[in-house]
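For reference, the structure discussed in these notes is given below.
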Amino acid sequence: RKGLYQVAKPNEKGMSKASVDRAVDGIKSTWKNAPDIEVVQSMNGLPQELQDQAKADKVNPRGIYDPDTKKVWLVADNISSDAQTAITLAHEALGHFGLRVALGSNFKPMMNQIYEGNKNVRERADAYMKEGLDKTTAVEEVLSEMAQEVYDTSVPESKLKPTRTALQKVMNALRQFL
């Protein structure tokens with residue numbers, strides 16, 4: 001699996017590329033080490049390899065992180081608001097890109113350590129593994145979701161408390177590697 005997705009809901013009405021670009025520019029301007037972020041209007045604007053993968057996986061992505069190029073792709077047709085742009089960027093950039101850049105060669109061992117040491121992450125990762133993801137990718141996906149949930153105002157506070165607790169444990173574990 002080359003790209004890692006943030007998936008759109010069926011029949012979601014998207015925005016114009018220009019509107020998503022403006023939202024991205026506003027968010028990115030506050031970051032010190034932003035990844036390369038490319039906004040395309042539709043899936044047809046993605047590199048062929050990512051289009052083929054999304055079709056094979058039967059997903060309609062809002063965002064994709066390509067670990068080979070370290071690039072975040074956003075699909076404007078699948079993003080319905082500035083808030084959703086921010087949530088998708090949190091997932092792809094803070095989650096996928098941030099974890100991989102911060103951990104470097106320690107990425108895989110750290111994902112395994114988090115899996116073994118955090119029940120909340122392990123339970124959520126196990127669900128992804130049943131869908132066919134390997135353990136490392138499943139843990140990365142869970143952590144990326146957690147990064148996104150912190151910025152998503154629709155996530156109930158009752159769900160955020162365990163997410164924040166789990167993220168704090170992850171950050172404490174990351175300190176061993178950084």
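The values are calculated or read from the model by the stated rules, or taken from the named source; none is laboratory data. All figures in this text were calculated on a predicted structure; none of them were measured in a lab. Glycine gets a Cβ as well: all are built from the backbone with ideal geometry, and neighbour counts include every protein chain shown. These area figures cover heavy atoms from the full protein model, side chains too; ligands, DNA and RNA do not enter into them. Shrake-Rupley method; radii C 1.70, N 1.55, O 1.52, S 1.80 Å.
Where the accessible area of segment 92-140 is counted over protein heavy atoms with a 1.4 Å probe, how much of it, in %, is carbon and sulfur? Can you show the working numbers first?
Numbers: 1170 of 2320 Å².
On segment 92-140, the fraction of accessible area on carbon and sulfur atoms equals 50 percent.
How much accessible area per residue does segment 1-150 have, counting only protein heavy atoms and a probe of 1.4 Å, in square angstrom?
Working: 7050 Å² over 150 residues.
Each residue of segment 1-150 exposes 47 Å² on average to a 1.4 Å probe.
Whole-Hz ³J(HN,Hα) for each residue in segment 135-146, computed from phi via Karplus 6.51 cos²θ - 1.76 cosθ + 1.60 with θ = phi - 60°, x for glycine and proline: what do you get?
4, 4, 5, 5, 5, 4, 5, 4, 5, 5, 4, 5
Once ligands and nucleic acids are excluded and a 1.4 Å probe is used, how much of HIS96 is accessible, expressed in Å² to the nearest 10?
0
Using θ = phi - 60° and the Karplus form 6.51 cos²θ - 1.76 cosθ + 1.60, what ³J(HN,Hα) does each residue of segment 110-122 get, whole Hz, x for Gly and Pro?
5, 4, 5, 5, 5, 4, 5, x, 9, 4, 4, 5, 4
Could you estimate the translational diffusion coefficient of segment 44-129 from the Stokes-Einstein equation, with Rh from the Kirkwood formula over C-alpha pairs, at 20 °C and 1.002 mPa s, in whole µm²/s? Before the final figure, lay out the partial values.
Working: Rh = 14.5 Å.
Answer, rounded: 148 µm²/s.
So how do 29-40, 69-80 stack up, highest first, on mean other-Cβ count within 10 Å?
Numbers: 29-40: 14.2, 69-80: 21.9.
By packing density, highest mean first, the sequence is 69-80, 29-40.
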